[in-house]
Every structure is written in C-alpha cells, then in structure tokens.
1. Assuming 0.36 nm per residue, please report the length gained on full extension of the stretch L159 to L70 beyond their Cα-Cα distance.
2. Please report Rg over Rh for segment 142-195, where both radii come from the alpha carbon positions and Rh follows the Kirkwood definition.
3. Apply 1/(1 + (r/R0)^6) to the Cβ-Cβ distance of F144 and N185, taking R0 = 22 Å, and write down the FRET efficiency to the nearest 0.05.
4. How big is the Kirkwood radius of segment 102-223, worked out from every pair of different alpha carbons and given in Å to one decimal?
5. To the nearest 0.05, what FRET efficiency results for K112 and E170 with a Förster distance of 25 Å applied to their C-beta separation?
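Nothing in this text is a laboratory measurement; each read-out follows from the coordinates by a stated rule. Just so we're clear, the structure is a prediction, and the values are computed from it rather than from any experiment. Glycine also receives a Cβ, built like all others from the backbone with ideal geometry; neighbour counts cover every protein chain displayed.
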Amino acid sequence: MKTIITNRAKTALKSLSTISLLALGVNLSTGVMAADSQASVGVKADVERREVLDDVLDTENFEVGIQGGLMSIEDFENSPWISAHLGYHISEHFYVKARYAVAEGGDTSFEKLANTAPLLTDEEREMSYYGLNIGYNFLPGEIFFSEDLVFNSVFSFELGGGSTEFAGDEQFTVNLTANYRVFLNDWVAWDLAMSDYIFDTQITGSSKTTHNLTFATGIAVYF
C-alpha cells in the first residue's frame, strides 16, 4: 500500500514539473514577442521625403503643336524648317499625327561652281510637305532640372508617309522621326525631334533617293 502511494506521488510530481516547464516556456515566448513588438514600434526609419511634380496626361487625347528648326535638303543646302501638327492619342502607347511643313532649297554645288543658269526658279525651290504618322511611346521617365524641379518625359518613334512638293514635282515621301517630349505640366509639352524625309528626285539629271534630315524643337498643347 505504501508503495502504491509513493508511485502516485512521483507521478503527480512529474506532471506538476511538466506543467511548470510549459508555463515557463509560454511566459518566455510572450515576453520575447512583447519585446519585439515594443522594439518595432520604437524604431522609425529616418527617411527624408520630398514632393515631386508628377503631372501626367489624363483626359487630354488631342494635341496641336508647332516646331521650328533646320532641314538639310540633299544637294540644296540647309534651310529653315517650320511645321505644324495635329495629333490624337489612341492609347497610352500609340498615337497618330498629321503634319504640314515648309522649307526652301538653296543653290546646288554645281550652280555655285559652274556659274550657270539656276536649275530651279525661286518658286520651284519652295518645299512643302504634308503627311500622316503613327507613333509609339516608350522609355517613359523623368528629367531632373534641379533637386526640387522634376518633369515627366517620354521618348517616341514615328513612322509614316506623305507627299513632298519640290522642284515643280510631287513625290511620295517616307518619314522616320525620333521624338523626345518633356511635359511641363499635364497640358503643355516641350518637343525635340529628329526626322528623315525620304523621297526620289531627278533634279540633277538621274533619279536617286534623297535623305533630307531635320532637327526641330517646339511646343505642343494637349486638350
């Protein structure tokens, strides 16, 4: 009988010891979690935040713009280049643009060296172009003018065609344009563009394909 009581006492002591160890473990875990919580609440990231101008186009799908620059007319020197365009933005990435532009050809090297009669009249030297391009916006980003002055920007590529009237003739023209725009706000952008107007001529005697490069800058308004 004494042996049975002793065994029961030992069993009870073991159970109490196990319960005590479990309680101690729970208390320790709770204390660690509380300490971690206090530490996470007490530590704050020391990050200086600044406001950035973040104007974007929202409902302005149409644009109208004007550009001025320089056109290198193959065989006919450089000429001032003035153009106007009307565009419609189909989506965030794609847009179409109709353009009209004028320039004026100079003297050819042959005319200067040979001292002969002009190849073209003054009226024939006037060049005009009209056409339609489709453009694709990519590489959107930001341009930093100073630490606190930041503007949105986008680089785009255009491909299209039209007609060039020059030297008393009209020629189909392929146009390739690289365009960089800086959005001064959500309705005005500053444009920088480089273009190649490709068409065939027979002015100097034989038919050849000419590349007429332009560099222009201007302002576009969105509405």
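1. On the way: separation 89, 0.36 × 89 = 32.04 nm, distance 1.99 nm.
That works out to 30.1 nm of additional length.
2. Values: Rg = 16.5 Å, Rh = 13.5 Å.
Looking at segment 142-195, the ratio lands at 1.22.
3. Details: r = 16 Å, r/R0 = 0.75.
Rounded to the nearest 0.05, the efficiency is 0.85.
4. Evaluated over segment 102-223, this radius sits at 16.9 Å.
5. Working: r = 27 Å, r/R0 = 1.08.
Taking R0 as 25 Å, the efficiency between K112 and E170 is 0.40.
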